[in-house]
1. Examine the range 124-133 for a residue that is farther than 30 Å from residue 210 by Cβ and either touching a strand residue (DSSP E or B) at 6+ places or on another chain (Cβ under 6 Å) or of a type in the set (Lys, Arg) (or both), and state whether such a residue exists.
2. Looking at the range 198-245 only, could you name the residues that are assigned to a loop (DSSP other than H, G, I, E, B), of a type outside the set (Gly, Ala, Ser), in contact with a strand residue (DSSP E or B) (Cβ under 8 Å, 6 or more places away or on another chain) and in contact (Cβ under 8 Å) with a residue 24 or more places away in the chain?
3. Going through the range 60-77 one residue at a time, which ones are out of contact with any strand residue (DSSP E or B) (no Cβ under 8 Å at 6 or more places or on another chain) and modelled with pLDDT of 95 or more?
4. Only one of 165, 180, 151 is β-branched (Val, Ile, Thr), modelled with pLDDT of 95 or more and either surrounded by fewer than 23 Cβ atoms within 10 Å (Cβ to Cβ) or over 30 Å from residue 246 (Cα atoms) (or both); which?
5. How many residues does the range 116-154 hold that are more than 28 Å from residue 86 (Cβ to Cβ) and assigned to a loop (DSSP other than H, G, I, E, B)?
6. With (1) among the charged types (D, E, K, R); (2) surrounded by 12 or more Cβ atoms within 10 Å (Cβ to Cβ); (3) at pLDDT 90 or above as the list, and residue 328 as the residue in question, which single condition is left unmet?
7. Collect the residues in the range 246-272 that are in a loop (DSSP other than H, G, I, E, B) and either under 14 Å from residue 178 (Cα atoms) or without any contact (Cβ under 8 Å) to a residue 40 or more places away in the chain (or both), keeping them in residue-number order.
8. Assess whether residue 286 counts as being at positive phi and surrounded by fewer than 16 Cβ atoms within 10 Å (Cβ to Cβ).
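The values are calculated or read from the model by the stated rules, or taken from the named source; none is laboratory data. These numbers come from a predicted model, not from an experiment. Cβ coordinates were reconstructed from backbone atoms using ideal geometry, including for glycine residues, and neighbour counts include every protein chain displayed.
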Amino acid sequence: MPGNEIEIEAGGRMVRITNPDRVYFSARGETKLDLANYYISVGEGIVRALRERPCMLHRYPGGVDGEKIYQKRLPKGAPEWVETVEVRFPSGRTADELCVVELADVVWGVQMSTVEFHPWHSRRANTEHPDELRIDLDPGPGAGFADCKQVAVTVHEVLDELGAVGWPKTSGSKGVHVYVRIEPRFGFREVRRAALTFAREVERRLPALVTTKWWKEERGEGHVFLDYNQNARDRTIASAYSVRGKPWGPVSAPVTWDELPDVDMEDFTIATMPARFASLGDLHAGIDDAVWDIEPLLEWADRDERDHGLGDAPYPPNYPKQDGEPPRVQPSRMNKANWTDDGVRREHADEPSQPLD
């Protein structure tokens, strides 16, 4: 074969890799081929994390020091065996996204210069009903990974009280993610409402450290933001075992609750994870057997609205205005005289569906 391409085996299928020697991670010099081999080494874990889910790709054609491409629609030139799933975006438009069903799909993604894999929290069989609740612990200014680990202790406590099993992982960037497998009974709006209610409960217990405020100007210093909006339609998070697009090749790594307090983000990289996986296997292997119903959280949401006046919170700016959503404008820029109580500009008061973005 030509010197600038090779074929490698991934789960019994041969996948072509062009420019295998191109350096993708400048800190240690790992190449495109090294990235493909990394994903093969954690194959069972990455496929479990992505299986049957619409998947957005973060592509770096020149390596992670270069341009980043956010790829939602399946790239052109896919082999006939690569599968897709149609999804509907908040705008109402649709697209066919990659749908991983085998390891070769992941390695083909690497061939297309994908470093990060960002799946939806619903699956192909029922894209409108998520089967995963995502708890995203994101440190703000003055806070860090250590604070996220502290908050995670309370997250674990609340999950235990609810009878839900949480599956923690490092984000590979700054924070911590916890996944809860749920019954796909509810739509994105209800799952997001459950996530917001959960976040508010954690904030209630750790008010000096946790915030659920969407607007950064309201969060203050030294707080961990629990990003409930990661449960909205078309919001994605780097999957378990996904490499992140940084020169040192960090990995979003599953961890146990017991080891989480002592881990560092630097412990998990493209260089170290293969040996960890070979030793421990997939720490999220039981996630599909621990399915929980979000009904208790929806009951908490009704309680909070009835007893404490806590309704909805703002959506991201590219979403159409939602019924019951508060004003989608920074508090410091809001002139009460120009807005109705439900967050619509007064010039559009007769058009309640008018988006504010």
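1. Yes, there is a match, as at least one residue in the range 124-133 is farther than 30 Å from residue 210 by Cβ and either touching a strand residue (DSSP E or B) at 6+ places or on another chain (Cβ under 6 Å) or of a type in the set (Lys, Arg) (or both).
2. 209, 212, 219, 223, 227, 233, 234, 236, 237, 241, 244
3. Within the range 60-77, 62, 65, 66, 67 meet the criteria.
4. That would be 165, the only listed residue that is β-branched (Val, Ile, Thr), modelled with pLDDT of 95 or more and either surrounded by fewer than 23 Cβ atoms within 10 Å (Cβ to Cβ) or over 30 Å from residue 246 (Cα atoms) (or both).
5. 5
6. Single failed check for residue 328: (3).
7. Selection gives 252, 253, 255, 256, 257, 258, 259, 272.
8. no
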